[in-house]
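See structure below.
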Amino acid sequence: MSSLLALIDSPQDLKKLERQQLPALAAELRTFLVESVARTGGHLASNLGVVELTIALHYIFNTPEDRLVWDVGHQTYPHKILTGRREAMENLRKPSGIAGFPRRSESIYDTFGTGHSSTSISAALGMAIAAREAGSDRRSVAIIGDGAMTAGMAFEALNNAGDMDANLLVILNDNDMSISNNVGALNNYLARLLSGRFYDSVRQSGKKMLDIVPPVKEFAKRAEEHAKGMVTPGTLFEEFGFNYIGPIDGHDLPALLDTLGNIRELKGMQFLHIVTQKGKGFLPAEDNPNKYHGVSKFDPCNGVPHASAAQKTYTQVFGEWLVDMADHDQKLIGITPAMCDGSGLNAFAEKYPNRYFDVGIAEQHALTFAAGIACDGLKPVVAIYSTFLQRAYDQLIHDIAIQKLDVLLAIDRAGLVGADGPTHAGSFDLSFLRCIPNIVIMAPSDENECRQMLTTGYHYPGIAAVRYPRGTGTGAPIDSTLTSLPIGQAEIKRKGKKIAILSFGSMLTPSLAAAESLNATVVNMRFIKPLDTSLLAQMANQHDLIVTVEENALMGGAGTAVMEALQALALQCPTLCLGLPDTFIEHGVHETMLAECGLNAEGIIKAIRTRLALLNH
């Protein structure tokens, strides 16, 4: 263990260091991060970029009494290390280990649980108001990146904050630009000056004096905006009611310490703009921050990932399909909310840049933007994670479904997602999609079926959704043709007796394995909406027990759809529904998580035998 970092088990230990020791601590922390994430996998580039900021925040502010609210949270590894979880990093994102995001239940220093972006300003503002109502001098700090600032929720919070009488600091971590000439010694000097108490007192006194003479006040305001606009981009945030400071070099510890120290003593709404470099200090991540945003295990010496299976992922299948379909149809438009890499759109974006749109972290806008495109005859394909689609539910219903617009949703990360945990799990999409009128919902059982379903959804003249899991599939051979499936038609995969297992999507493989032990019939349902009611009636009439299996929440999911259909058909057949339980499932290894939910072959067999015993009792 490095000499300084080994001494730090809390921010109180950090404060015992001399200021001149902090740059050496930052270097040690950066080295520890690279070596640690190389062993566990996780988010890397974003964490390397906030090392100095994290040290400065815990050094200046009185945490956890002062509240630090990290946006998204994938940049909080340095925060975790400095708040008593250094040794726990060895089990980061592993079963029973610490989470990859802040968790209120994990540490008193994690003041707000995160995972989705653009929530920090709202949460920190709420905490600032709570402090005001309690008569407390407690400070609230929201740390938000330039990517998260593209979401409407961040601007809603800024707009609301401008009308509040509370002590709030918003730190914009801007890592999408180089540290250019205006972010250097002069700007750092100006930031220290503008955050100083003398400047603040003069500024406040001047405002009170100018209130007496409104025309002079307006002239002075415009003059100040003009002058600041020549050296800073802060006019926008000043209009929101914040005192804008910056931009400053986010890797200059002395500048950060001086500026944050001054801001800690100021009242009201403060906005600090810092510029950082994603992947700072690790050359492979500096050169390719997107590639090193989220990483699997790698060699810390050169950044090369450890060997993995060459089998294609569902995301890659989608990416290849998108290019192939775009080759055949010039009306195809690809849309993603800031997930080009994660959703597999890289090749499409390179080949068809004029038909590719990354709208930023703005899921609501993404869907309404797609709706507008569909209104004028083009065919939008929205590539979005299941967990992020939740953020645009109103737009899905109000702007697309009600107007019966022609939009395809390619829903990645459906079901459990392993190490990323409950904030990123796609546990609910079947439940919240199924109740929307006129929608077609499909779930592939393998890679080839995924390609066929994407083609089916593309040609369907309305809203269609294909939900597929994270990671690799079954290794099924993929037909290069663009073939559609008959909508609403299921497929019998195995014929048996007494028990009919209706499998949805990724559950086909364990269902078939279970059926071998039980001599059960297995149906690959393929469509959640519309269901193949004809085949369902046949299964109910020919079997003693129907079992549904899905990687989705049981409540309102595919199993519920089957029971509703049986009721509508006036068919009475004992039904057992298997799926994700009514709880948030913690991070871990995907296969183990499924087993714990009873969604592996052994779990399916056990559940069926238990139900049969009850039926025969």
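The values are calculated or read from the model by the stated rules, or taken from the named source; none is laboratory data. Here the structure is a predicted model, which means the values were calculated and not measured. Methodologically, a virtual Cβ is constructed for each residue, glycine included, from the backbone with ideal geometry; neighbour enumeration extends over all protein chains shown. Heads up: the accessible areas ignore ligands, DNA and RNA and are worked out on the full protein's heavy atoms, side chains in. Shrake-Rupley method; radii C 1.70, N 1.55, O 1.52, S 1.80 Å.
Here are the numbers for the structure shown:
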| quantity | calculated |
| --- | --- |
| Dimensionless Rg/Rh of the stretch 513-617 - Kirkwood Rh, Rg from C-alpha atoms | 0.96 |
| Segment ARG494-ASN62, extension gain: residue separation times 0.36 nm, minus the distance between their alpha carbons | 149.2 nm |
| Computed over the stretch 380-448, Cα set: Rg, Dmax in Å | 12.4, 38 |
| Calculated volume of the Cα convex hull per residue in Å³ (choose from (1) 284; (2) 327; (3) 183), label | (3) |
| Relative compactness, the stretch 316-466, computed as alpha-carbon Rg over 2.2 N^0.38 Å | 0.94 |
| 12 Å beta-carbon shell around ALA99, net charge (K/R +1, D/E -1) | +2 |
| Antiparallel DSSP beta bridges within the stretch 293-426, percent to nearest 5 | 15 percent |
| Cβ-defined net charge surrounding LEU367, 12 Å radius [Lys, Arg +1; Asp, Glu -1] | -2 |
| Projected label distance in nm at ASN159 and ASP146, using a 7 Å step from Cα toward the beta-carbon | 2.4 nm |
| Antiparallel bridge percentage (DSSP; both residues within the chain; nearest 5) | 15 percent |
| Around GLY294: net Lys/Arg minus Asp/Glu count, Cβ-Cβ under 10 Å | -1 |
| C-alpha long axis of helix 558-568 to longest principal axis of the chain, angle in ° | 50 degrees |
| Residues of the stretch 83-155: accessible area per residue with a 1.4 Å probe, Å² | 38 Å² |
| The chain - charge dipole about Cα centre, Lys and Arg +1 at Cβ, Asp and Glu -1, debye rounded to 20 | 720 debye |
| Solvent-accessible area per residue for the stretch 556-617 (1.4 angstrom probe, square angstrom) | 57 Å² |
| Rounded to 10°, Cα long-axis angle of helix 601-616 versus longest principal axis of the chain | 60 degrees |
| The chain: calculated mean residue ellipticity at 222 nm from DSSP helix runs of at least 4, using -39500 (n - 2.57) | -11500 deg cm²/dmol |
| Gain on full stretching of the segment that runs from GLU350 to ALA568 - 0.36 nm per residue minus C-alpha separation | 73.6 nm |
| Degrees, to the nearest 10: 152-161 long Cα axis against longest axis of the chain | 40 degrees |
| Model label zone, GLN311; criterion: amide N under 14 Å from point 7 Å along Cα-to-beta-carbon; scope the stretch 499-522 | 506-510 |
| Qualifying trypsin sites (Lys or Arg not before Pro) for the stretch 305-358 [loop in DSSP, other Cβ within 10 Å: at most 11] | none |
| Förster-model FRET efficiency, 30 Å R0, ILE402 and HIS328, C-beta, rounded to 0.05 | 0.50 |
| Accessible surface of the stretch 463-617 [probe 1.4 Å, protein heavy atoms]: carbon and sulfur percent | 53 percent |
| Linear extension gain, GLN542 paired with GLU35, 0.36 nm per residue minus alpha-carbon span | 176.7 nm |
| For the stretch 430-493 and the stretch 56-135, distance of Cα centres in Å | 39 Å |
